[in-house]
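Accompanying notes for the structure given below.
The values are calculated or read from the model by the stated rules, or taken from the named source; none is laboratory data. Model, not experiment: these values are computed from the prediction. Virtual Cβ from ideal backbone geometry, glycine too; neighbours counted across all protein chains shown. Ligands, DNA and RNA are stripped out before the accessible areas are found, and what is left, the full protein with its side chains, is counted by its heavy atoms. Shrake-Rupley method; radii C 1.70, N 1.55, O 1.52, S 1.80 Å.
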Amino acid sequence: MTIVFSSAVPPVFARDGVIGDVVDGVQSFTEWGVNNLNNFWKVIFGPDFNSASEEELKAAYDNYVETLPASGYNSDGSLLYSPTPYYLYYRKQGGALGSTHVWGCPHWEALGDNRKASLTGLKAQFSCFCADCAFIVSPQDGASSYEGVSGTIYSYYLLIAPIDGYYTPLNDIAATGRFVSSSQTENFVVPYSGSEAFYSRGQRVEDIARSFSLYGTGYGSGSLLSIQFVLPVYKITPVSALSSDIYNITTRPASITGGNYGIVGDNGQLTKVEDNSTIVNETNNTFYNPATGVTVPITNWRYDYSDRSYKVILESGDTATITYGDENITISQITTTEGDTITNNYTIYYLVDGCGSVTPPCDHDWQASDGTLPTCTRPGSASYVCSKCQQTKSEAIPALGHNWQVKQTVTTQYDDTGQLVQQGYTIFECSTSLPWFTPPPQT
C-alpha cells in the first residue's frame with residue numbers, strides 16, 4: 001500500500017507575506033542565488049556574476065554541467081553515469097519455417113546491420129518508443145491476438161567512457177512490463193545483475209544490453225505485450241583522483257540556510273524559516289526538513305547536477321529527494337513501515353530579504369483527517385492535520401492480530417463396536433476480522 005501526503009502548494013509568488021498572483025517576496029533560484037550563493041556563482045559563472053542576466057547565469061550553469069565527467073556525484077567520491085539509449089530489436093532463432101526472425105527499430109536499421117531476416121510465420125507486429133526504451137508487441141491489423149512470439153527482445157545502449165575508471169552497474173531491474181491476454185493481465189519485473197568493468201576515457205562501448213527472453217514465459221501469444229527497459233546507471237570509481245575543484249561543495253547549493261527560505265501553510269501564509277540549518281549538510285551528514293523542523297542523520301547522499309537534486313538515505317533506511325528547482329525547493333520524503341510506503345511532499349520557497357512573517361513554532365493541535373484501518377494481518381495508517389497551522393503528518397497503526405474465538409466444537413464419536421464414527425474437531429473464528437478475510441483453522 002502506498003499513501004501520499006502533501007504540504008505543497010503551487011509554485012506561486014507572495015506579496016506582504018501572503019501568497020498572491022504577483023512576483024514579490026519569492027524569487028527564482030537564479031535571482032535568489034546571486035544574493036545568497038556567492039561562492040556557487042563565482043565557480044559557475046566567474047567573478048562578474050553580479051552583473052550577469054538570469055539567462056546568462058542559466059546558460060553558464062548548463063555549460064558547466066556539460067563539462068563535468070558525469071552529472072551524478074556520490075558522497076564517497078564516486079560518480080554516477082548513464083549511457084545513451086542506442087537501439088531496440090527482437091530476434092528469434094529457428095522460426096516457424098526454420099528461419100531466423102529479426103526486427104529492429106529505425107535506429108538499428110540505420111546501422112546497416114545485415115542480420116535482418118524475414119518475419120514470415122510471426123502473427124504479430126512490433127513497435128517501439130526508442131527514447132523511452134519501450135518495446136510493444138501487438139496483433140496484426142484485424143486480428144484479436146498475436147501469436148508465435150518466443151524470441152528475445154533487446155535494448156542496447158551506447159557508452160562513451162568519460163574518464164578512466166571502474167564502471168559498476170547499480171540497477172537491480174533490467175525492465176518492467178505488462179502482458180494482456182483474453183484470460184489474464186499481468187505486470188512483471190525483469191531482474192538484472194552485472195559485473196564491474198574497466199573502461200578507458202573515450203572508449204566506445206556499443207554492446208551494453210538489457211534483454212528479455214519470452215521462452216517459457218507464456219507471453220508468446222496474447223493481445224498485448226509491452227516492456228520498458230530501465231536506463232542503466234553506473235557507479236564510476238576513477239583510477240586517478242579528480243581535481244578538487246570539479247565537484248567541490250561550492251558547486252552544489254548546500255549552503256542555503258534558514259532565514260533565506262520560507263514555507264507556506266494551507267492558509268496561504270508565507271513564514272520565514274528561522275532555524276539556521278542547511279537542508280543537506282554534507283559535512284555533518286544530516287538532513288533538515290524546514291517544513292517539519294526535524295533534523296536526522298544520513299548515511300550517504302548523491303547529487304545530480306543536471307536537475308540540482310540530492311537523494312539522501314536516512315539512518316532509518318528511508319529516503320528523501322531534495323530538488324532545488326527554478327521556482328522553489330521540493331522535498332519528497334518516503335517512509336516505509338511494515339510494508340506500507342508513505343510519501344510526504346513539501347514545497348520550500350526562496351525568499352527576498354525581509355519578506356515573510358516570523359512566527360514562533362506552532363503548538364500543534366492534531367486532528368485526525370484520513371487513513372486506513374488496520375486488519376488482523378496488515379497494518380493501517382492514520383493522517384492528521386494541525387487545526388492551527390494546517391501542517392500534516394502520518395503515522396503507522398500496527399496490525400491488530402487475531403483474536404480467536406471458538407465457533408463450534410464437535411466431539412469424537414464411536415459406535416458400539418468401538419469403531420470411529422466421527423473425528424472430533426474445533427472451529428475457531430477471529431472476532432476482529434471479517435469471516436472471509438481470515439479463514440478459521442480446524443483441529
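Which ³J(HN,Hα) values, rounded to whole Hz and listed in residue order, are derived for the stretch 83-91 from phi using the Karplus coefficients 6.51, -1.76 and 1.60 in 6.51 cos²θ - 1.76 cosθ + 1.60 with θ = phi - 60°, glycine and proline given as x?
x, 9, x, 10, 6, 10, 7, 10, 9
Over the stretch 44-97, one equal point on each Cα, no solvent: what is log10 I(q)/I(0) by the Debye formula at q = 0.24, 0.25 Å⁻¹?
These q points yield log10 I(q)/I(0) values of -0.97, -0.99.
What number do you get for the stretch 279-341 when its Cα radius of gyration is normalised by 2.2 N^0.38 Å, N = residues?
Compactness ratio reported: 1.10.
Counting other Cβ atoms within 10 Å, keep those with at most 14, restrict to DSSP loop, and tell me which trypsin sites (Lys or Arg not before Pro) in the stretch 136-237 are left. Before the final figure, lay out each step's value.
Details: sites: ARG178, ARG201, ARG204, ARG210, LYS235; in loops: ARG201.
For trypsin sites (Lys or Arg not before Pro) across the stretch 136-237 that sit outside H, G, I, E and B with at most 14 neighbouring Cβ atoms in 10 Å, the list reads ARG201.
Residue-wise, which Karplus ³J(HN,Hα) couplings in Hz belong to the stretch 341-348, taking 6.51 cos²θ - 1.76 cosθ + 1.60, θ = phi - 60°, and x for glycine or proline?
Using θ = phi - 60°, the values come out as 10, 10, 10, 10, 10, 9, 10, 10 Hz.
I want to check the label-to-label distance for ASP48 and LYS407. Put each point 7 Å from Cα in the C-beta direction and report it in nm to one decimal.
For the pair ASP48/LYS407, the computed spacing is 8.4 nm.
For the stretch 211-250, give the percent of accessible area contributed by carbon and sulfur heavy atoms, probe 1.4 Å, rounded to a whole number.
That share works out to 56 percent.
Restricting to DSSP loop positions (anything but H, G, I, E, B) with no more than 14 other Cβ atoms inside 10 Å of their own Cβ, which trypsin sites (Lys or Arg not before Pro) remain in the stretch 376-411?
Of the trypsin sites (Lys or Arg not before Pro), the ones in loops of the stretch 376-411 whose Cβ has at most 14 other Cβ atoms within 10 Å are LYS388.
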